[in-house]
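Everything on this sheet refers to the single structure shown next.
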Protein chains: 2
Amino acid sequence: MGVYIQVLEGLLLQEQQVISSEKLAEQCEVNPSQIRKDLAYFGEFGVRGVGYYVSDLLKAIKYFLGIDRNWNCILVGVGNLGRALLRHQQLAQKGFQIQMAFDCDPFKIGERVAGHEVICTRRLKEKAQQMQIDIGLISTPPERAQRAANHMMQAGIKGIVNFAPTRINVSQDVIVDYVDFSNHLISMAFRLSHP
Amino acid sequence: MGVYIQVLEGLLLQEQQVISSEKLAEQCEVNPSQIRKDLAYFGEFGVRGVGYYVSDLLKAIKYFLGIDRNWNCILVGVGNLGRALLRHQQLAQKGFQIQMAFDCDPFKIGERVAGHEVICTRRLKEKAQQMQIDIGLISTPPERAQRAANHMMQAGIKGIVNFAPTRINVSQDVIVDYVDFSNHLISMAFRLSHP
DNA sequence: TATTTTTTGAGAAAAATTTCACAAGAATAA
DNA sequence: TTATTCTTGTGAAATTTTTCTCAAAAAATA
């Protein structure tokens with residue numbers, strides 16, 4: 001689904017107004033039927049004999065995915081990855097704005113990174129509740145991920161994206177998504193060794 | 001599959017020698033049958049009535065996935081994400097060693113990042129061929145990703161992990177894997193808006 | 001206007017994945 | 001030794017996902 005947005009935004013930039021499922025499929029490297037099924041899932045957006053209107057389709061997808069608005073995020077763990085996330089343009093552009101950055105290292109607290117002052121993690125609840133925070137990003141070392149998650153839960157955050165390479169335990173009403181680059185490299189190693 | 005490794009390494013650290021598919025499933029948040037099917041795929045590693053020997057299982061999985069050895073990697077694009085990848089301990093620990101870093105920005109060329117001197121991307125072919133490079137990582141802005149991929153293909157690299165949020169075109173014998181964090185945040189936004 | 005071409009939407013078919021259910025092997029207890 | 005308990009490996013069943021196929025709608029052409 002994210003691929004569709006990526007490709008459609010590219011088309012918009014090239015000022016292409018209409019695209020068929022076949023052409024879109026080519027660029028996304030999937031089957032045309034797949035695309036039609038996916039898009040039909042949230043309404044009839046195509047026009048038979050014509051294709052899909054790029055701009056309308058993009059709006060519809062974004063609305064459907066819930067990214068037609070801003071999502072307030074906070075980040076815990078201002079290491080290398082944390083800094084990369086804080087400076088990442090792409091996220092803010094897509095409406096995922098990292099509003100605050102936390103770390104428990106006294107040497108980092110007070111430092112400014114990409115326009116944010118690094119705050120002590122213990123002040124997370126207090127600080128995060130001043131603003132409605134939707135999503136928490138964890139980029140701590142694995143051994144501190146659970147504590148970061150606990151702080152986030154105490155602040156009432158219901159969505160956690162965990163970049164630390166470890167599982168975390170959360171209450172039932174909290175959604176966790178795991179991101180681990182090593183998995184991609186492992187998958188690559190596997191594919192290269194089984195030609 | 002990557003989850004299994006993560007959890008098993010945790011168990012190894014806790015010096016737990018044996019684990020049942022049920023317990024492993026619990027920690028990996030999957031179905032026990034799933035685990036047994038997956039593991040049975042590359043041989044009979046369990047012992048009925050007992051479970052799986054953590055250390056043996058880990059070795060077997062790593063062998064099967066092709067990560068029982070080192071993989072030489074290079075990176076193109078020394079921006080924020082590139083720096084985070086260069087400094088990322090996890091990757092090197094898993095045997096994915098980033099041997100060289102390239103960038104086309106004259107201000108970055110010559111700079112040292114995590115023990116690597118940043119080299120001009122035009123010298124990629126020449127430099128990479130001095131050592132057998134297995135995998136190329138792209139962490140450039142999207143508009144430079146294709147060029148980075150071309151350089152990698154010219155150097156004979158057959159596996160590309162693309163962190164830039166754009167599709168790239170490669171010859172048939174090259175494997176590409178796409179990594180895009182925004183997709184994870186999009187998926188989170190979707191799940192939070194459809195409770 | 002009628003015919004041909006294009007392309008969607010959706011039901012049917014096919015393929016892949018996940019889960020169930022249980023025989024069989026291994027350990028423990030009686 | 002024999003019975004009981006545990007837990008794997010695997011064929012069958014269920015579910016999900018993907019692909020195929022084609023009627024129907026829209027545009028282009030004659």
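The values are calculated or read from the model by the stated rules, or taken from the named source; none is laboratory data. The model shown is predicted, which means the values in this text are computed figures rather than measured ones. So basically every Cβ, Gly included, is an ideal-geometry build from the backbone, and we count neighbours across all protein chains shown.
Counting the residues of the stretch A:26-69 that are surrounded by 14 or more Cβ atoms within 10 Å (Cβ to Cβ) and part of a loop (DSSP other than H, G, I, E, B) gives 5.
Residue B:41 passes every criterion in (1) within 9 Å of DNA strand C (Cβ to nearest atom); (2) closer than 21 Å to residue A:191 by Cα; (3) within 14 Å of another protein chain (Cβ to nearest Cβ) apart from (1). Out of all the residues in the stretch A:46-56, is one or more away from DNA strand D (no atom under 13 Å from the Cβ), of a type in the set (D, E, K, R) and more than 14 Å from chain B (Cβ to nearest Cβ)? Within the stretch A:46-56, one or more residues are away from DNA strand D (no atom under 13 Å from the Cβ), of a type in the set (D, E, K, R) and more than 14 Å from chain B (Cβ to nearest Cβ).
The set of residues from the stretch B:168-188 being farther than 16 Å from residue A:3 by Cα and outside the structural domain of residue B:81 (by TED's automatic domain parsing) is empty.
Table: residues versus (1) under 22 Å from the mean Cα position of the chain (by Cα); (2) within 14 Å of chain A (Cβ to nearest Cβ); (3) under 23 Å from residue A:163 (Cβ atoms).
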{"site": "B:7", "(1), (2), (3)": "yes, yes, yes"}
{"site": "B:11", "(1), (2), (3)": "yes, yes, yes"}
{"site": "B:22", "(1), (2), (3)": "no, no, no"}
{"site": "B:64", "(1), (2), (3)": "yes, yes, no"}
{"site": "B:70", "(1), (2), (3)": "yes, yes, no"}
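Taking the stretch A:128-146 as the range and being surrounded by fewer than 18 Cβ atoms within 10 Å (Cβ to Cβ) and farther than 21 Å from residue B:89 by Cα as the test, the residues that pass are A:129, A:130, A:131, A:132.
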